[in-house]
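Every number here is computed from the coordinates shown, using simple stated rules; none is lab data. Just so we're clear, the structure is a prediction, and the values are computed from it rather than from any experiment. With ideal geometry, Cβ positions are generated from the backbone for all residues, glycine too; neighbour counts draw on all protein chains shown.
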Amino acid sequence: MAVAQSPAPDWHFLLPTLPHGSVLCLGGAGPRASIGPPLSPKDGAEGGGDPLAQYDLVALLHPAPRWALNPAAAATLARIVRPGGTLYLEVPRRIGRTPTGMVRTLRRSGFSSLRCYWPRQGFERPDLWLELGHRRVNAYYARQMVHTGSLRRRAVGAFLRVAIAGGVFEALVPGYAVVAVRAGDDDAR
Amino acid sequence: MRGEIEAWLREGSAELGLENVAGQPTTAFHFALLPGGGERWRGVCLVWRGDSPKPCVVIKFARDPADNPRISNEPAALGALAGFGVAGRVPRHLRGGTVAQRAIAAETVVPGRPLSVLLGRHRRPAKLLSALSEFPPWMTKIAAASSRPSHRDEAESWITEPLRRASRDPALTEIERSVLDDLLEEAGRLSDRAPLPAVYTHNDPGPPNVLVDHRCRFTGLVDWEGGGWGLPISDLMYFLARLGEDLGDIDLTPAIVAGPPQALELDYVSVARSSLHEMCEELGVEVRWLPVIAALAWLHHAGREAARDPAGQRERLARRRLHRYLDGLAQRDL
């Protein structure tokens, strides 16, 4: 069992509860992965590790490009997250699908309470985690942060507002994180 | 921790004004998390009630279970401000508590966006300062409402001791040390003749904490965690210096050491000088204090940054600003 170390990385605060119990942290390095030692994918259930092991929290920090976040991978994740446990998944857009597609895939695999966040400035040094999928929240961001300045900036602001109103803002973010709770066995049935 | 914060919000929904029209606690919240930096990390969450277009509550919480003055000081500062007639332009503390063993506080949202978002895109600094013309009188209002004679030990710890300690700093050049000694001497003379009052200060009114509307007009000042009693004019001085830096490295020294403003001066330094002189007049502060207060503003700022993040980048930046200011004074042969 891994023990949480201080200071907690920012993404811990997006989880329903702060990490406790058994934790599997794949990928990432440095302070962001400060729950126990970062493990390689081989340490997980897919590799030589215990295929029956389940964890209270599974965190995939910035998965390598070769990882395919497809329905089969989602099913694997569902198998290694304990019912009632939490999944934290960082998805760079170059390897994954849109947040909507990812949410759909994970929901089909038995996850619920799904929330997506866009880390502005990237996963390493985000200065804002903006919850995606809520037009009012996203429109507020666009109004506050991109509302004046050069002609180019105004054009970007106008484009963002249209994208938000049209519900395609999520598809434009360069990366996002998903927080999901594995439904209990009863819920799954 | 988000789930625990939501439970805390629901538990205090009446106190926080988060009930829906039927008087029931709101069940859906949306979050935007702004992580803070440094050793004293502080997370800030904007919380939307399910149906509201704007966030309705700001939540601030500590990263670690240990005491975090950035969370625990602010409610007292906001409480003190309530007596100075500044309602609406500063947050109102709503609720404090503990979530997952971490200090947490909720306050109202002040309308506007951070001034820092607009900087770098304004090519006419004086025009921006004119748009912000309500800010210096507003700061003067707080200072005037809170003004009281300073005690001898306050004057010692706010003025004499920091200058004396700074002049022993080995990082100073001989010229800088000599300027600092002159300021110390001047402070001693002025303290006998025209002592400074104590006023309530924000202590970090930089562009990220000053909120403005879409026309760049001042709407509010947030993040009062460093609020407390201090020197008059130091907040305005700090704001003008930071704004000048962000707008294009404008040196404020001429506004501090030059004489009274002339009519129809429109450049940034002149507008800044007018604001400083008006505040001096309003508070009955001798203008010869200005060069001393400017040095103290940077010294106190460096001290606060050191307490927040020892040997951090922001402290080094504050020290550099002090050196630059002292060099500027030396060139003007104070």
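Ranked by how many other Cβ atoms sit within 10 Å of their own Cβ, fewest first, the residues B:ASP246, B:ASP251, A:ASP10 fall in the order B:ASP251, B:ASP246, A:ASP10. Each stretch of four or more DSSP H residues adds -39500 (n - 2.57); spread over every residue of chain B, this sum gives -13500 deg cm²/dmol at 222 nm.
Annotation for B:SER52 and B:ASP249: the two label points, set 7 Å from Cα along the Cα-Cβ direction, are 4.3 nm apart.
How large is Rg/Rh for the range B:182-264, to two decimals, with Cα atoms and a Kirkwood Rh? Intermediate results must be reported in sequence, preceding the final value.
Numbers: Rg = 15.4 Å, Rh = 15.1 Å.
Result: Rg/Rh = 1.02.
How high is the relative contact order of chain B, given as a whole-number percent (alpha carbon pairs under 8 Å, six or more residues apart)?
Details: 521 pairs, mean separation 55.9, N = 334.
In percent, rounded to a whole number, it is 17.
Residues whose amide H comes within less than 5 Å of that of B:LEU94, counting only those at least five positions distant or on another chain, are B:ALA106, B:GLU107, B:THR108 (H built at 1.01 Å from N in the peptide plane). Residue by residue, the range A:76-93 carries 3J(HN,Hα) couplings of 4, 4, 4, 6, 9, 8, 5, x, x, x, 10, 10, 10, 10, 9, 10, x, 4 Hz when phi is fed to the Karplus relation 6.51 cos²θ - 1.76 cosθ + 1.60 (θ = phi - 60°); x denotes Gly or Pro.
If I take R0 = 41 Å and measure r between the Cβ atoms of A:ALA75 and A:MET145 in this structure, what FRET efficiency does the formula 1/(1 + (r/R0)^6) give, to the nearest 0.05?
Values: r = 38 Å, r/R0 = 0.93.
The value I calculate is 0.60.
Near the amide H of B:TRP229, within less than 5 Å, lie the amide hydrogens of B:THR201, all on another chain or at least 5 residues away, with H placed in the peptide plane. Within the range B:155-222, the percentage of alpha carbon pairs spaced more than 20 angstrom apart rounds to 53%.
Can you pull the percent of Cα pairs in chain B with separation above 33 Å? Mind dumping the intermediate values first?
Values: 16668 of 55611 pairs.
Value for chain B: 30 percent of Cα pairs lie more than 33 Å apart.
Potential lengthening of the chain between B:GLU281 and B:ALA145 amounts to 47.5 nm, from the contour at 0.36 nm per residue minus the alpha-carbon distance. With Cα atoms defining each centre, the range B:136-200 and the range B:270-334 are spaced 10 Å apart in the structure.
Amide H contacts under 5 Å for A:GLY184: A:GLY84, restricted to partners 5 or more places along the chain or on a different chain, H placed in the peptide plane at 1.01 Å from N. Within 10 Å of the Cβ of each residue in A:10-18, the mean number of Cβ atoms contributed by other protein chains is 6.
Once the Cβ-Cβ distance between B:VAL44 and B:ALA330 is put in as r, and R0 is 30 Å, what FRET efficiency do you end up with, to the nearest 0.05? Walk me through the numbers on the way to the answer.
On the way: r = 41 Å, r/R0 = 1.35.
The value I calculate is 0.15.
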